[in-house]
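A short write-up of the structure that comes next.
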Amino acid sequence: MTNQEKAIQYHDRKYNCCQSVLLSLCEQLGVDKKTAFRMGEGFGLGMGSMQNTCGALSGAVMLAGLRNSDADLDDPKTKAETYKLCQEMTEKFVEKTGALLCKDLKGIETGKMLCSCPDCIRQGVTVAEDVLGLK
């Protein structure tokens, strides 16, 4: 089963878009599913149902931190590189989906849906796999 298929199965089980992306890849990065589930809970419906940044992209960004951070609490050195990875993921996600914000993707104000939640989840997984070298 692909990571995209896993992510869609999570979404079908009522996980939010962020949780679905995050859980499909978290174990590859040494994070257990319960911790990842808890981390992603507030990022549904565009960050706490505020229709902002898509939850699927938020999950991918969390994966970037898990993949790249040096976790050096005394002298962190990896932020700039992690930000670059996140920027690359965001650009690829917007290129594929047409928008960054949940409300724009769902056409809340325009009435024109650009990308469904399942398709956003697939793209979130894909950009995380591609940019972070996961499979």
Exercise. Give LEU73, LEU45 a once-over and let me know the one that is under 20 Å from ASP12 (Cβ atoms), open to solvent by 60 Å² or more (accessible area, probe 1.4 Å) and assigned to a loop (DSSP other than H, G, I, E, B).
Key: LEU45
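Right, MET113: in contact with a Gly (Cβ under 9 Å, 6 or more places away or on another chain) and open to solvent by 70 Å² or more (accessible area, probe 1.4 Å) or not? Step through it out loud before you land on a result.
On the way: in contact with a Gly (Cβ under 9 Å, 6 or more places away or on another chain): yes; open to solvent by 70 Å² or more (accessible area, probe 1.4 Å): yes.
Against the criterion (in contact with a Gly (Cβ under 9 Å, 6 or more places away or on another chain) and open to solvent by 70 Å² or more (accessible area, probe 1.4 Å)), MET113 qualifies.
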Quiz item: Can you find even one residue in region 89-100 that is under 24 Å from GLU27 (Cβ atoms) and either in contact with a His (Cβ under 6 Å, 6 or more places away or on another chain) or in a loop (DSSP other than H, G, I, E, B) (or both)?
Solution: no
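Tally time: how many residues in region 80-105 are of a type in the set (Lys, Arg), open to solvent by less than 90 Å² (accessible area, probe 1.4 Å) and without any contact (Cβ under 8 Å) to a residue 40 or more places away in the chain?
Within region 80-105, the subset of a type in the set (Lys, Arg) is 84, 92, 96, 103.
Filter once more, keeping what is open to solvent by less than 90 Å² (accessible area, probe 1.4 Å): 92, 103.
Filter once more, keeping what is without any contact (Cβ under 8 Å) to a residue 40 or more places away in the chain: 92.
Result for region 80-105: 1.
I'd like to know if region 67-82 contains one or more residues that are among the hydrophobic types (A, V, I, L, M, F, W, C) and within 13 Å of the chain's Cα centre (by Cα). Can you show your working first?
Looking only at region 67-82, we keep the residues that are among the hydrophobic types (A, V, I, L, M, F, W, C), and these are 71, 73, 80.
Restricting the remaining residues to those that are within 13 Å of the chain's Cα centre (by Cα) gives none.
Taking every residue of region 67-82 in turn, none turns out to be among the hydrophobic types (A, V, I, L, M, F, W, C) and within 13 Å of the chain's Cα centre (by Cα).
The values are calculated or read from the model by the stated rules, or taken from the named source; none is laboratory data. Bear in mind that the values here come from a model prediction, so they are computed numbers and not experimental data. Note: ideal-geometry Cβ built from the backbone for every residue, glycine included; neighbour counts use all protein chains shown. Note: accessible area is taken over every heavy atom of the protein model, side chains too, but ligands, DNA and RNA are not part of it. Shrake-Rupley method; radii C 1.70, N 1.55, O 1.52, S 1.80 Å.
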